[in-house]
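The values are calculated or read from the model by the stated rules, or taken from the named source; none is laboratory data. Fair warning: this is a prediction, and the values are worked out from it, not measured in the lab. Counting neighbours? That spans all protein chains shown, and the Cβs are built from the backbone with ideal geometry, glycine included. To get the accessible areas, we keep the full protein, side chains included, count just its heavy atoms, and leave off ligands, DNA and RNA. Shrake-Rupley method; radii C 1.70, N 1.55, O 1.52, S 1.80 Å.
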Amino acid sequence: MDLHTVTEVITSAGPGMWRPGDVWLGGGTALFGEPRPHLTRLLDLPSAGWPAITVRDDGVEIAATCTIAALAGHFREHELVQQCCHSFLASFKIWNVATVGGNLCAALPAGPMISLGAALAGVCTLIGADGRVRRVPVADFVTGEGRTVLRDGELLRSLFLPGYALAGRTSYRKGSLHRHGRSAALLIGRAEPTGGLALTVTAATRRPWVLRFPEPPRAAELEAALAGIPAGAFTDDVHGSPAWRRHLTGHYAEQIRAELSA
Ligand SMILES: Cc1cc2nc3c(=O)[nH]c(=O)nc-3n(C[C@H](O)[C@H](O)[C@H](O)COP(=O)(O)OP(=O)(O)OC[C@H]3O[C@@H](n4cnc5c(N)ncnc54)[C@H](O)[C@@H]3O)c2cc1C
(Lines give C-alpha, C1' and ligand atoms only; values in the text may rest on other atoms or scores of the structure.)
Protein backbone atom coordinates (compact mmCIF):
# COMPACT_ATOMS: atom_id res chain seq x y z
CA MET A 1 0.00 0.00 0.00
CA ASP A 2 1.23 3.52 -0.75
CA LEU A 3 2.06 5.64 2.28
CA HIS A 4 0.90 8.82 0.57
CA THR A 5 1.84 11.24 3.35
CA VAL A 6 5.52 10.28 3.02
CA THR A 7 7.47 12.94 1.16
CA GLU A 8 11.06 11.76 1.71
CA VAL A 9 13.03 8.54 1.93
CA ILE A 10 16.39 8.96 3.66
CA THR A 11 18.95 6.39 2.56
CA SER A 12 21.88 5.12 4.66
CA ALA A 13 19.89 6.07 7.73
CA GLY A 14 21.26 5.61 11.22
CA PRO A 15 21.10 6.84 14.81
CA GLY A 16 20.68 10.56 15.37
CA MET A 17 18.65 11.29 12.21
CA TRP A 18 15.22 10.79 13.70
CA ARG A 19 12.63 13.57 13.98
CA PRO A 20 8.84 13.55 14.54
CA GLY A 21 6.96 11.99 11.59
CA ASP A 22 9.86 9.61 10.88
CA VAL A 23 9.81 5.85 10.88
CA TRP A 24 12.59 3.29 10.53
CA LEU A 25 12.23 1.20 7.39
CA GLY A 26 13.41 -2.42 7.24
CA GLY A 27 12.00 -4.45 4.36
CA GLY A 28 8.68 -2.59 4.54
CA THR A 29 6.59 -5.79 4.40
CA ALA A 30 4.75 -4.91 7.61
CA LEU A 31 5.11 -1.13 7.40
CA PHE A 32 3.40 -0.89 4.01
CA GLY A 33 0.64 -3.23 5.15
CA GLU A 34 -1.67 -0.58 6.58
CA PRO A 35 -2.29 3.19 6.40
CA ARG A 36 0.04 5.33 8.54
CA PRO A 37 -1.09 8.91 7.89
CA HIS A 38 1.13 10.36 10.62
CA LEU A 39 4.34 9.50 8.73
CA THR A 40 6.30 11.95 6.60
CA ARG A 41 9.77 10.37 6.23
CA LEU A 42 11.10 6.84 5.89
CA LEU A 43 14.57 6.22 7.31
CA ASP A 44 15.86 3.36 5.19
CA LEU A 45 18.12 1.09 7.24
CA PRO A 46 19.09 -1.66 4.73
CA SER A 47 20.81 0.94 2.54
CA ALA A 48 23.23 1.63 5.44
CA GLY A 49 25.01 -1.59 4.41
CA TRP A 50 25.50 -3.21 7.81
CA PRO A 51 27.14 -6.65 7.51
CA ALA A 52 24.26 -9.13 7.78
CA ILE A 53 25.98 -11.73 9.97
CA THR A 54 29.11 -11.49 12.07
CA VAL A 55 30.46 -14.66 13.65
CA ARG A 56 32.14 -13.99 17.01
CA ASP A 57 33.96 -16.28 19.45
CA ASP A 58 30.98 -16.24 21.79
CA GLY A 59 28.13 -16.35 19.28
CA VAL A 60 26.63 -14.73 16.21
CA GLU A 61 25.66 -11.09 15.74
CA ILE A 62 22.79 -10.69 13.28
CA ALA A 63 22.24 -7.18 11.94
CA ALA A 64 18.66 -5.93 12.25
CA THR A 65 18.75 -5.49 8.46
CA CYS A 66 19.67 -9.13 7.79
CA THR A 67 16.92 -10.60 5.60
CA ILE A 68 15.17 -13.84 6.45
CA ALA A 69 16.64 -15.31 3.25
CA ALA A 70 20.19 -14.39 4.33
CA LEU A 71 19.62 -15.82 7.81
CA ALA A 72 18.26 -19.08 6.41
CA GLY A 73 21.18 -19.22 3.97
CA HIS A 74 23.79 -18.77 6.70
CA PHE A 75 22.19 -21.29 9.07
CA ARG A 76 21.39 -23.93 6.44
CA GLU A 77 22.29 -26.75 8.86
CA HIS A 78 20.72 -25.28 11.99
CA GLU A 79 17.39 -27.02 12.48
CA LEU A 80 15.79 -24.46 14.79
CA VAL A 81 16.74 -21.47 12.62
CA GLN A 82 15.28 -23.28 9.61
CA GLN A 83 12.12 -24.15 11.51
CA CYS A 84 11.63 -20.54 12.58
CA CYS A 85 12.31 -19.13 9.11
CA HIS A 86 9.74 -21.55 7.71
CA SER A 87 7.23 -20.47 10.36
CA PHE A 88 6.46 -17.29 8.46
CA LEU A 89 3.13 -17.29 6.75
CA ALA A 90 5.07 -15.92 3.81
CA SER A 91 6.69 -16.97 0.56
CA PHE A 92 10.27 -16.50 -0.66
CA LYS A 93 9.24 -13.06 -1.96
CA ILE A 94 8.77 -11.85 1.62
CA TRP A 95 11.86 -13.78 2.81
CA ASN A 96 14.01 -11.79 0.39
CA VAL A 97 13.06 -8.38 1.77
CA ALA A 98 11.71 -8.88 5.29
CA THR A 99 14.37 -8.31 7.93
CA VAL A 100 15.09 -9.96 11.25
CA GLY A 101 14.90 -6.55 12.95
CA GLY A 102 11.64 -5.66 11.25
CA ASN A 103 10.11 -8.86 12.56
CA LEU A 104 11.22 -8.15 16.11
CA CYS A 105 10.07 -4.53 15.96
CA ALA A 106 6.70 -5.29 14.35
CA ALA A 107 6.16 -7.38 17.52
CA LEU A 108 3.39 -9.55 16.12
CA PRO A 109 2.60 -12.53 18.37
CA ALA A 110 3.41 -14.83 15.42
CA GLY A 111 6.82 -13.22 14.86
CA PRO A 112 9.13 -16.21 14.39
CA MET A 113 12.30 -14.16 14.86
CA ILE A 114 10.92 -13.24 18.28
CA SER A 115 10.41 -16.95 19.00
CA LEU A 116 13.93 -17.77 17.81
CA GLY A 117 15.60 -14.91 19.67
CA ALA A 118 13.75 -15.52 22.92
CA ALA A 119 14.36 -19.28 22.80
CA LEU A 120 18.08 -18.89 22.12
CA ALA A 121 18.66 -16.34 24.91
CA GLY A 122 19.11 -13.62 22.29
CA VAL A 123 20.01 -10.06 23.21
CA CYS A 124 18.99 -6.96 21.24
CA THR A 125 21.35 -4.02 20.82
CA LEU A 126 19.43 -0.76 20.66
CA ILE A 127 20.80 2.66 19.74
CA GLY A 128 18.96 5.75 20.94
CA ALA A 129 18.47 9.04 19.11
CA ASP A 130 21.30 10.43 21.27
CA GLY A 131 23.61 7.55 20.28
CA ARG A 132 23.29 5.79 23.61
CA VAL A 133 23.51 2.00 23.37
CA ARG A 134 21.53 -0.41 25.54
CA ARG A 135 21.11 -4.16 25.50
CA VAL A 136 17.80 -5.89 26.15
CA PRO A 137 17.04 -9.63 26.12
CA VAL A 138 14.64 -10.52 23.30
CA ALA A 139 12.26 -11.97 25.89
CA ASP A 140 11.91 -8.46 27.38
CA PHE A 141 12.10 -6.52 24.10
CA VAL A 142 8.54 -7.32 23.03
CA THR A 143 6.05 -6.18 25.65
CA GLY A 144 2.73 -6.83 23.88
CA GLU A 145 1.03 -7.04 20.49
CA GLY A 146 2.82 -4.46 18.34
CA ARG A 147 4.60 -3.11 21.42
CA THR A 148 8.30 -3.07 22.25
CA VAL A 149 10.60 -1.26 24.65
CA LEU A 150 11.91 0.96 21.81
CA ARG A 151 11.84 4.64 22.70
CA ASP A 152 11.18 7.53 20.30
CA GLY A 153 13.91 7.56 17.68
CA GLU A 154 15.63 4.47 19.06
CA LEU A 155 16.55 1.75 16.58
CA LEU A 156 17.33 -1.94 16.81
CA ARG A 157 20.88 -2.42 15.56
CA SER A 158 21.36 -6.16 15.98
CA LEU A 159 20.41 -9.41 17.60
CA PHE A 160 23.11 -11.47 19.34
CA LEU A 161 22.64 -15.22 19.71
CA PRO A 162 25.09 -16.80 22.17
CA GLY A 163 27.06 -19.79 20.90
CA TYR A 164 26.09 -22.05 23.83
CA ALA A 165 22.39 -21.58 23.03
CA LEU A 166 22.91 -22.05 19.30
CA ALA A 167 24.66 -25.34 20.07
CA GLY A 168 22.01 -26.56 22.55
CA ARG A 169 19.47 -29.30 21.95
CA THR A 170 16.07 -27.83 21.09
CA SER A 171 12.55 -29.03 20.47
CA TYR A 172 10.06 -27.06 18.38
CA ARG A 173 6.27 -27.24 18.02
CA LYS A 174 3.96 -25.01 16.01
CA GLY A 175 0.22 -25.15 15.56
CA SER A 176 -2.10 -23.21 13.26
CA LEU A 177 -5.75 -23.36 12.32
CA HIS A 178 -4.73 -24.71 8.91
CA ARG A 179 -1.62 -26.27 7.42
CA HIS A 180 0.14 -23.13 6.20
CA GLY A 181 -1.69 -20.77 8.55
CA ARG A 182 -0.27 -18.08 10.80
CA SER A 183 1.18 -19.58 14.00
CA ALA A 184 -1.42 -19.86 16.75
CA ALA A 185 1.09 -21.36 19.17
CA LEU A 186 4.85 -21.67 18.70
CA LEU A 187 6.79 -23.29 21.51
CA ILE A 188 10.50 -23.99 21.73
CA GLY A 189 12.28 -25.92 24.44
CA ARG A 190 16.04 -25.69 24.91
CA ALA A 191 18.18 -27.90 27.08
CA GLU A 192 20.42 -25.62 29.15
CA PRO A 193 24.14 -26.53 29.44
CA THR A 194 23.62 -26.67 33.22
CA GLY A 195 21.01 -29.45 32.82
CA GLY A 196 17.93 -27.24 33.07
CA LEU A 197 15.21 -26.49 30.55
CA ALA A 198 14.12 -23.18 29.06
CA LEU A 199 10.65 -23.27 27.51
CA THR A 200 9.60 -20.35 25.32
CA VAL A 201 5.94 -19.74 24.54
CA THR A 202 5.16 -17.41 21.62
CA ALA A 203 2.32 -16.78 19.17
CA ALA A 204 -0.18 -18.19 21.69
CA THR A 205 0.65 -15.24 23.90
CA ARG A 206 0.82 -11.52 23.19
CA ARG A 207 4.46 -11.41 24.22
CA PRO A 208 7.06 -14.15 24.72
CA TRP A 209 6.97 -16.07 27.97
CA VAL A 210 10.16 -17.90 28.92
CA LEU A 211 9.76 -20.49 31.67
CA ARG A 212 13.04 -21.65 33.18
CA PHE A 213 13.53 -24.85 35.14
CA PRO A 214 16.84 -25.58 36.90
CA GLU A 215 16.39 -29.27 36.00
CA PRO A 216 14.00 -31.03 33.61
CA PRO A 217 10.55 -30.57 35.20
CA ARG A 218 8.07 -33.32 35.92
CA ALA A 219 4.74 -33.05 34.08
CA ALA A 220 2.98 -31.56 37.11
CA GLU A 221 5.71 -28.93 37.61
CA LEU A 222 5.43 -27.90 34.00
CA GLU A 223 1.66 -27.71 34.23
CA ALA A 224 1.89 -25.53 37.34
CA ALA A 225 4.34 -23.16 35.64
CA LEU A 226 2.09 -22.84 32.59
CA ALA A 227 -0.88 -22.13 34.83
CA GLY A 228 1.03 -19.00 35.92
CA ILE A 229 0.48 -17.44 32.50
CA PRO A 230 -2.64 -15.32 33.05
CA ALA A 231 -5.74 -15.76 30.87
CA GLY A 232 -5.38 -12.21 29.52
CA ALA A 233 -1.90 -12.99 28.20
CA PHE A 234 -3.23 -15.27 25.44
CA THR A 235 -3.67 -13.87 21.95
CA ASP A 236 -7.24 -13.36 20.80
CA ASP A 237 -7.66 -12.93 17.04
CA VAL A 238 -8.92 -14.66 13.90
CA HIS A 239 -6.03 -17.14 14.04
CA GLY A 240 -7.30 -18.83 17.20
CA SER A 241 -9.21 -18.32 20.43
CA PRO A 242 -7.33 -17.81 23.71
CA ALA A 243 -8.78 -21.03 25.16
CA TRP A 244 -7.60 -23.10 22.20
CA ARG A 245 -4.18 -21.45 22.26
CA ARG A 246 -3.83 -22.26 25.96
CA HIS A 247 -4.79 -25.86 25.24
CA LEU A 248 -2.21 -26.09 22.41
CA THR A 249 0.41 -24.54 24.67
CA GLY A 250 -0.09 -27.21 27.34
CA HIS A 251 -0.18 -29.99 24.76
CA TYR A 252 3.04 -28.94 22.99
CA ALA A 253 4.84 -28.06 26.23
CA GLU A 254 4.32 -31.58 27.51
CA GLN A 255 5.63 -33.07 24.24
CA ILE A 256 8.70 -30.84 24.47
CA ARG A 257 9.26 -31.75 28.13
CA ALA A 258 9.10 -35.45 27.32
CA GLU A 259 11.39 -35.09 24.30
CA LEU A 260 14.09 -33.05 26.03
CA SER A 261 13.95 -35.05 29.27
CA ALA A 262 14.52 -38.32 27.40
C1 LIG B 1 2.21 -12.44 3.05
C2 LIG B 1 2.78 -11.98 4.38
C3 LIG B 1 2.95 -12.90 5.37
C4 LIG B 1 3.48 -12.52 6.62
N5 LIG B 1 3.63 -13.47 7.60
C6 LIG B 1 4.08 -13.09 8.81
C7 LIG B 1 4.21 -14.04 9.88
O8 LIG B 1 3.89 -15.22 9.73
N9 LIG B 1 4.68 -13.60 11.06
C10 LIG B 1 5.02 -12.29 11.26
O11 LIG B 1 5.45 -11.94 12.35
N12 LIG B 1 4.93 -11.39 10.28
C13 LIG B 1 4.46 -11.74 9.07
N14 LIG B 1 4.33 -10.81 8.09
C15 LIG B 1 4.63 -9.40 8.40
C16 LIG B 1 6.08 -9.01 8.01
O17 LIG B 1 6.39 -9.50 6.71
C18 LIG B 1 7.13 -9.56 8.97
O19 LIG B 1 6.81 -9.24 10.30
C20 LIG B 1 8.53 -9.04 8.62
O21 LIG B 1 9.52 -9.75 9.33
C22 LIG B 1 8.70 -7.56 8.91
O23 LIG B 1 10.01 -7.21 8.55
P24 LIG B 1 10.33 -5.94 7.65
O25 LIG B 1 11.80 -5.82 7.54
O26 LIG B 1 9.58 -5.97 6.36
O27 LIG B 1 9.76 -4.80 8.61
P28 LIG B 1 9.20 -3.36 8.23
O29 LIG B 1 7.86 -3.51 7.58
O30 LIG B 1 10.22 -2.57 7.50
O31 LIG B 1 9.06 -2.74 9.69
C32 LIG B 1 8.14 -3.26 10.64
C33 LIG B 1 8.13 -2.30 11.85
O34 LIG B 1 9.39 -2.35 12.52
C35 LIG B 1 10.04 -1.06 12.50
N36 LIG B 1 11.47 -1.33 12.26
C37 LIG B 1 11.99 -2.08 11.25
N38 LIG B 1 13.31 -2.22 11.42
C39 LIG B 1 13.63 -1.53 12.56
C40 LIG B 1 14.85 -1.31 13.28
N41 LIG B 1 16.00 -1.87 12.90
N42 LIG B 1 14.81 -0.56 14.41
C43 LIG B 1 13.63 -0.01 14.83
N44 LIG B 1 12.45 -0.20 14.21
C45 LIG B 1 12.45 -0.95 13.08
C46 LIG B 1 9.36 -0.28 11.40
O47 LIG B 1 9.41 1.10 11.66
C48 LIG B 1 7.94 -0.85 11.47
O49 LIG B 1 7.24 -0.22 12.52
C50 LIG B 1 3.83 -11.17 6.83
C51 LIG B 1 3.67 -10.25 5.82
C52 LIG B 1 3.15 -10.63 4.59
C53 LIG B 1 2.99 -9.59 3.52
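Assorted remarks:
- Selection from the range 65-90 of residues that are open to solvent by less than 50 Å² (accessible area, probe 1.4 Å), without any contact (Cβ under 8 Å) to a residue 12 or more places away in the chain and not aromatic (Phe, Trp, Tyr): Gly73, Gln82
- Filtering the range 238-247 to residues that are more than 19 Å from the chain's Cα centre (by Cα) and outside any helix (DSSP H, G or I) leaves Val238, Gly240, Ser241.
- Here the range 160-215 is the region considered, the condition is being outside any strand (DSSP E or B) and charged (D, E, K, R), and the residue that is nearest to the ligand (Cβ to nearest atom) is Arg182.
- Matching residues, the range 99-156, being of a type in the set (D, E, K, R) and near the ligand (Cβ under 8 Å from one of its atoms): Glu154
Each row is one residue, and each column tells you yes or no for (1) basic (Lys, Arg); (2) in the same structural domain as Phe141 (by TED's automatic domain parsing); (3) open to solvent by 20 Å² or more (accessible area, probe 1.4 Å).
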position	(1), (2), (3)
Thr200	no, no, no
Arg207	yes, no, yes
Val210	no, no, yes
Phe213	no, no, yes
Ala219	no, no, yes
Ala224	no, no, yes
Pro230	no, no, yes
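- The number of residues in the range 26-64 that are open to solvent by less than 20 Å² (accessible area, probe 1.4 Å) and under 17 Å from the mean Cα position of the chain (by Cα) comes to 5.
- Filtering the range 181-205 to residues that are under 16 Å from Glu215 (Cα atoms) and either of a type in the set (Lys, Arg) or within 13 Å of the chain's Cα centre (by Cα) (or both) leaves Arg190, Thr200.
- Qualifying residue in the range 32-42 (condition: more than 14 Å from the ligand (Cβ to nearest atom), more than 30 Å from Thr170 (Cα to Cα) and either at pLDDT below 95 or of a type in the set (D, E, K, R) (or both)): yes
- Of all residues in the range 140-156, those being in contact with a Ser or Thr (Cβ under 8 Å, 6 or more places away or on another chain) and either crowded, with 21+ Cβ neighbours inside 10 Å or among the acidic types (Asp, Glu) (or both) number 4.
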